[in-house]
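For reference, the structure discussed in these notes is given below.
The values are calculated or read from the model by the stated rules, or taken from the named source; none is laboratory data. All of these numbers come straight from a predicted model, not from anything done at the bench. Cβ placement follows ideal geometry from the backbone for every residue including glycine, while neighbour counts extend to all protein chains displayed. Accessible surface areas use protein heavy atoms only, side chains included; no ligands, DNA or RNA. Shrake-Rupley method; radii C 1.70, N 1.55, O 1.52, S 1.80 Å.
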Amino acid sequence: MKTRLYFVSMITAVGLAVASFNSAAENPHKQVLQGPFTQGSQVTQQCISCHEEHAKDFMKSSHWTWELEQELPGRTVKRGKKNAINNFCTSISGNEPRCTSCHAGYGWKDNDFDFTDMTKVDCLVCHDTTGTYVKDPAGAGEVLAKVNLERVAQNVGTPVRDNCGTCHFYGGGGDAVKHGDLDSSMAYPDKTTDVHMDSDGNDFQCQTCHATEKHQISGNAMGVSPGGTNDIGCENCHDSAPHSNKRLNTHTASVACQTCHIPFFARNEPTKMSWDWSTAGSDQPETVDEYGKHTFMKKKGSFVWQKMVQPEYAWYNGKADAYMAGDKMDPSKVTKLSTPLGDIQDPKAKIYPFKVHRGKQIYDKKLNIFVTAKVYGKGGYWKDFDWDKAAKLGMEANQALAEKGISYSGEHGFAATEMWWRINHMVSPKDQALQCNDCHNKGTRMDWQALGYQADPMKHKQGQRHAK
């Protein structure tokens with residue numbers, strides 16, 4: 001009996017040794033990245049001793065630069081999160097420590113951030129497998145002090161949905177705020193939420209569609225990269241005539257797959273649909289809606305949140321236009337900060353679904369341009385409730401305006417804006433896709449006249465696409 005126990009113990013010991021060896025072989029980072037680490041950049045310094053080329057590749061990506069040279073109608077611009085004006089918190093200018101908590105880097109506090117410093121690259125935010133890596137919400141991209149950096153560094157791996165979702169699910173300062181089709185429910189969605197990313201079915205990771213090579217991730221968000229050319233689409237995997245029904249296949253020439261197959265977004269979490277800054281500063285009580293979301297806050301103004309939202313539809317040819325800092329605007333009209341290009345006569349355009357976020361935001365009354373307001377930190381609106389000070393400081397911090405010699409005139413007002421966000425996620429199972437009568441006959445999904453038709457094209461041939 002003793003002999004048998006001895007051999008069992010030996011076998012167990014050998015097995016553990018082999019397992020330990022295999023584990024070390026599969027994860028050499030446990031041997032190499034020893035620490036101690038008190039800052040993320042210390043981890044990066046060790047990462048680049050083996051992965052310098054990977055870091056160089058990453059530093060060419062828009063996830064690092066937050067801008068991309070692109071073509072807008074009549075002009076070439078550099079645009080991205082770095083300099084886009086939106087109708088949420090308006091701009092990152094002057095607000096960097098808060099906004100750059102989602103930058104894949106460390107220490108972007110102001111315009112002096114060194115984009116050539118490789119040690120500032122944050123490898124861990126995309127490669128953490130422990131689920132414990134958390135950035136300081138107002139720390140300019142630095143990691144929270146409580147994070148065990150040794151554990152995270154020693155357990156890096158291929159990115160999964162949670163890594164991407166750390167920023168993309170929570171853009172705009174909270175779950176589901178901006179995109180509408182990207183939120184925490186997409187980390188482990190069921191089939192009804194998204195048929196592709198269904199964690200019990202297809203279980204796609206983000207990279208399944210957003211194919212990545214040398215840290216260049218395919219796909220462009222229309223709001224920040226309206227002229228981007230690195231698009232992806234359903235036809236990367238699906239045929240252009242995917243249906244057994246021939247009549248359905250005729251739709252694919254003018255109707256995007258997403259239009260029928262994403263009948264609703266914000267399926268599980270409510271998304272912000274409008275933000276009115278003009279009501280901020282009032283001492284009226286804060287209010288919340290049925291979802292527990294604020295509908296009024298003194299420091300931010302008024303909001304509307306919605307769940308199970310029906311998209312709005314527009315022609316889109318793969319390009320968009322956008323408002324750039326310093327562009328003139330007409331305060332009596334709604335300014336489209338990002339808007340799809342294309343119409344019924346455009347052979348490259350298809351009808352796509354969009355979330356349209358509507359806002360009312362600060363502009364310079366003398367210059368007739370939108371203000372990039374400083375809202376966070378010293379002198380920011382959230383501290384002092386002084387729009388003139390917030391406008392002056394924010395515009396001083398905006399490099400694009402400084403290069404044009406533009407500064408705040410001293411007079412402000414509020415004007416209406418729209419941002420169009422293309423809907424691509426939360427693809428429903430085919431039996432939950434739109435049916436013919438949702439759009440045709442007495443269906444109300446489509447505003448046919450707004451799309452350029454005289455009436456329902458199923459009934460009126462004179463309203464067919466490209467007819468003159």
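FRET efficiency for the residue 111 to residue 210 pair, using the beta carbon distance and R₀ = 35 Å, is estimated at 0.70. Mean residue ellipticity, 222 nm, helices only, the chain: the sum of -39500 (n - 2.57) across DSSP H runs of n ≥ 4, divided by residue count and rounded to 500, is -6000 deg cm²/dmol. Rounded to whole Å, give me the distance from the Cα center of segment 414-441 to that of segment 219-259. Cα centroid to Cα centroid, the span is 13 Å. Where (1) 174; (2) 200; (3) 344 are the candidate values, the label of the one calculated here for volume of the Cα convex hull per residue in Å³ is (2). Taking the accessible area of the chain, probe 1.4 Å, and keeping the other protein chains in place, the carbon and sulfur fraction comes to 52%.
Counting Lys and Arg as +1 and Asp and Glu as -1, what is the net charge of the other residues whose Cβ lies under 12 Å from the Cβ of residue 441? Write down the numbers at each step before the final one.
Numbers: positive: 442, 445, 459; negative: 438, 456.
Residues close to residue 441 contribute a combined charge of +1.
Segment residue 328..residue 308, full-extension length gain: 3.6 nm, with 0.36 nm per residue of separation and the alpha-carbon distance subtracted.
Beta carbons within 10 angstrom, averaged per residue: use that to sort the peptides 409-418, 388-397, highest first.
Working: 409-418: 17.0, 388-397: 21.7.
Result, highest mean Cβ count within 10 Å first: 388-397, 409-418.
Express in nm, to one decimal, how much length is gained between residue 284 and residue 241 on full extension, taking 0.36 nm for each residue of separation and deducting their alpha carbon distance.
Numbers: separation 43, 0.36 × 43 = 15.48 nm, distance 5.57 nm.
This chain segment gains 9.9 nm when fully extended.
Karplus-based coupling profile of segment 81-97, in residue order and whole Hz: 4, 4, 9, 6, 9, 10, 10, 9, 9, 6, 5, 7, 4, x, 10, 3, x, with θ = phi - 60° in 6.51 cos²θ - 1.76 cosθ + 1.60 and x standing for Gly or Pro. Write down the accessible area per residue of the chain in Å², having rolled a 1.4 Å probe over the full set of protein chains. Each residue of the chain exposes 50 Å² on average to a 1.4 Å probe.
When the chain is fully extended, how far beyond the present Cα-Cα distance does residue 39 get from residue 378, taking 0.36 nm per residue of separation? Intermediate results must be reported in sequence, preceding the final value.
Details: separation 339, 0.36 × 339 = 122.04 nm, distance 2.49 nm.
Full-extension gain reported as 119.5 nm.
Remark on residue 298: its backbone amide H falls under 5 Å from none of the residues 5 or more positions apart or on other chains, H modelled at 1.01 Å from N. 3J(HN,Hα) along segment 265-275: 10, 6, 5, 10, 10, x, 10, 6, 10, 7, 9 Hz, from the Karplus curve 6.51 cos²θ - 1.76 cosθ + 1.60 with θ = phi - 60°, whole Hz, x for Gly and Pro. Model label sites at residue 230 and residue 31, defined 7 Å from Cα along the beta-carbon direction, differ in position by 3.4 nm. Here are some pairs, 81/348; 146/298; 299/392; 307/348; 56/355; which of them have Cα atoms lying more than 25 Å apart in this structure? Beyond 25 Å: 81/348; 146/298; 307/348; 56/355. Among beta bridges identified by DSSP and lying wholly in the chain, the antiparallel ones come to about 85 percent. The string of couplings for segment 357-371 from the Karplus curve (6.51, -1.76, 1.60, θ = phi - 60°) is 9, 9, x, 9, 9, 6, 9, 8, 6, 7, 8, 6, 9, 6, 8 Hz, one whole number per residue in order, with x for Gly and Pro.
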